[in-house]
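Peer 1: First, the structure itself, so that you have it in front of you.
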Amino acid sequence: MSAKFSIQPIGRFAGGSQPVRRPKEFACFSYDDNHEFHLDDSSLKYYYTPQLGADLSKGFDTFQKQDDSGDDHLDSLLKTIIAHEKETGKKIDANLVTWRGMMTKIMGAPFERFDGFEMNATLYQGCLFIEENNQYKMASKAKEGQGKPRRGPPLEVMQFWGYKFETLSTLPAPWPDTSREFIENRENEIVNNKAQYCSVVRTGVGKTILCLGGEVDAIWDSKPAEKGSPINWVELKTSAEIRNQGDMEAFHRKLMKYWIQSFLLGVPKIMVGLRTRDGILVDVKEIETQKIPEIVGSQPNPKWNADMCVNFAAVFLEWLTKTVNDEGVWRITRQPQSSTIDVFKVEETGHGNILSDEFKDWRIKL
Ligand code: A3P
Ligand code: MG
Ligand code: MG
């Protein structure tokens, strides 16, 4: 069984946006400084304005970097879903369960001509579960920075800048509980990207109900008492300072990923740390997620359109849930520059490693 979904022509996704649901967090989990899993919000960070002038490369030599070469499948997300279902006594009602990152790739596909992806999918109890294909992820990573020679700092240092900015802009507790000394010494904190807070939300695009798990960088104030109320999440990004029209266009292009990523989890605010070409933090720009579509759309020659991303995702997901209609493991791929997304079966039976035994054992009992 194999099928193709045509991305082109993208004109057919134009027009008013298909219905979307506001994402609501119904569970969360944390990884601690050793990347160990906890069913709580212990790794939640609080936004607090960073000091400008900081050198984002400082501390690169002591970076506590998460080794992401292993394959974690959907394990932590499924653990969190099990705990939630134990609490409520019933199955979540999603048609699709995946990491936010997979949905970001799908929604951006009409406008990301050069990005390929590979995912594994399986149908279980009427719900589609999608994971990233780890081999493909590692192979793409190995190719990064190969080919054309580049100027400037090494790629690993530039990736460190993003985590350094997170350390400079957050506190482990709300600010009234944090000492002045800690706030002023954040420049000397050891940067560790093993810790993460992940939000698990229920959301919807077109007719598909999604359960997504994804990392949230920080919160502006604190979580509202009432479950399901909007949360003042903050997404942190770094980007080169904007000096001319070309920089501005490149930034507007980047805003697509910022927007999709934040839109999917209901993150209302993005703080962009603007840096010099050699990694000195010079400014912080606050962007409201919901204003991004019109900021980009009002440019003379916009490179992407938010409604088209939503409409594409709505139509694609409806097609996908009809196509992956029977047991086994399926592959969902888009080759770089290809105008189609290909879906085919790679294993006739079972669920590969997409579903943990823990999850299947739980669901059999439920
Ligand atoms: P910036 O994007 O701010 O530079 P996120 O923004 O999703 O919270 O990710 C935090 C940081 O992780 C990024 O910071 C970047 O440094 C690094 N990062 C995220 N995705 C990456 C990828 N695909 N490859 C390499 N580094 C990545
Ligand atoms: Mg993040
Ligand atoms: Mg971020």
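The values are calculated or read from the model by the stated rules, or taken from the named source; none is laboratory data. Just so you know, these numbers come straight off a predicted model, no measurement behind them. Because the Cβ atoms are built from the backbone with ideal geometry, glycine has one as well, and the counts that use them run over all protein chains shown. SASA here: full protein model, heavy atoms, side chains in, ligands and nucleic acids out. Shrake-Rupley method; radii C 1.70, N 1.55, O 1.52, S 1.80 Å.
Peer 1: Give the number of residues within region 218-240 that are surrounded by fewer than 18 Cβ atoms within 10 Å (Cβ to Cβ) and in contact with a Ser or Thr (Cβ under 6 Å, 6 or more places away or on another chain).
Peer 2: 0
Peer 1: OK, next. Residues of region 205-229 being under 18 Å from the mean Cα position of the chain (by Cα) and either over 30 Å from residue 92 (Cβ atoms) or away from ligand 2 (no atom under 16 Å from the Cβ) (or both), which ones? First the steps, then the outcome.
Peer 2: Step one: list which residues in region 205-229 are under 18 Å from the mean Cα position of the chain (by Cα), which gives 205, 209-219.
Hits for region 205-229 are 205, 209, 210, 211.
Peer 1: List the helices (runs of 4 or more DSSP H) that sit entirely inside region 267-366 and contain at least 2 residues that are within 19 Å of residue 13 (Cα to Cα).
Peer 2: Here the list reads 292-297, 306-323.
Peer 1: Also, quick follow-up: Taking only pairs six or more apart or across chains, which ones have beta-carbon atoms under 8 Å, a first residue in region 62-75 that is within 22 Å of residue 162 (Cα to Cα), and a second residue that is among the hydroxyl-bearing types (Ser, Thr, Tyr)?
Peer 2: As it stands, the answer is 63/163, since those pairs meet every condition given.
Peer 1: Among 143, 137, which is the only one that is open to solvent by 60 Å² or more (accessible area, probe 1.4 Å) and under 30 Å from residue 338 (Cα atoms)? Quick ask: steps written out before the conclusion?
Peer 2: Working: 137 fails: open to solvent by 60 Å² or more (accessible area, probe 1.4 Å).
None of the other options fit; the residue is 143.
Peer 1: Follow-up question, since we're still on this one. Please go through (1) at positive phi; (2) surrounded by 14 or more Cβ atoms within 10 Å (Cβ to Cβ) for residue 89 and return the number of the only condition it doesn't satisfy.
Peer 2: (2) is the only condition that residue 89 fails.
Peer 1: Considering only residues of region 180-238 that are closer than 24 Å to residue 60 by Cα and hydroxyl-bearing (Ser, Thr, Tyr), which is nearest to ligand 3 (Cβ to nearest atom)?
Peer 2: Filtering first and then ranking leaves 238.
Peer 1: Out of the residues in region 160-177 that are surrounded by fewer than 15 Cβ atoms within 10 Å (Cβ to Cβ) and under 30 Å from residue 79 (Cβ atoms), state the one that is farthest from the chain's Cα centre (by Cα).
Peer 2: The selected residue is 177.
Peer 1: Can you run down the residue pairs with Cβ atoms below 7 Å, 6 or more apart or on separate chains, where the first is in region 202-217 and open to solvent by 20 Å² or more (accessible area, probe 1.4 Å) and the partner is within 16 Å of ligand 3 (Cβ to nearest atom) and not hydrophobic (A, V, I, L, M, F, W, C)?
Peer 2: 215/196; 215/197
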